[in-house]
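Step one of this worksheet: look at the structure below.
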Amino acid sequence: MKDPIQPASLAWPLGLIVAIVIGAGSVWAVPMINDPNGFHDISWGTSLSARQDLEPIQADPHIVEYLRKTEPLAFAGAEMTRILYLSVDDQFARVIIRYQGGPIHRQVLSFLENCFGRLEHIPGEMARGLTQQYNWRGPDTEINLTYQAGTERGYIFIDSRSLAPRFNDYITDFPQ
């Protein structure tokens, strides 16, 4: 005779499903209007090593981080802490922007919504919290904004949807 399925044996799969559903609430992306296909005057896939206005600050064989030599650290009409340009295999693939402060966060969020589309708020959704995450997804570009309310730090990742996944090919926790 077969053993009946015990309720305890279903607890961990059910718990995993609930955790995934709860966690997935923070990753919904708003369809992007006006996909920029790059950042400022640089299109995705451009060779950054050939640009005179960028200076490499950290490099490995596949991923190079650059800073603009003369660019003011500004985005969305506000002062940023840092703006990094990243290439993977010498193709422009990502921008990382860091900022500090609640007022700057509100200004950046308003700018992104005006340029790329209004966020869709679900009734009952908590718009505030210790960590807030917002996403816009276009055909060529994905923008992810994460704001940590406790430290008032914001991070914006502007990615090429076709090139940014290649970063994962070169990031590993295990020596080769």
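Every number here is computed from the coordinates shown, using simple stated rules; none is lab data. Everything quoted here is computed from the prediction, not taken from an experiment. No Cβ is skipped: glycine too gets one built from the backbone with ideal geometry, and neighbour counts run over all protein chains shown.
Observations, loosely collected:
- In nm, spacing of pseudo-spin labels at Thr151 and Gln52 (7 Å Cα→C-beta vector): 3.8
- Peptide packing for 141-147, 54-60 was compared via the average number of neighbouring C-beta atoms within 10 Å per residue; ordered from the highest value, the list is 141-147, 54-60.
- Relative contact order computed over region 30-88 (Cα-Cα under 8 Å; 6+ residues apart), in percent: 25
- Packing-based order for 113-120, 159-166, using average beta carbon neighbours within 10 Å, highest first: 159-166, 113-120
- The slack between Asn168 and Leu130, meaning 0.36 nm per residue of separation minus the straight C-alpha distance, is 11.0 nm.
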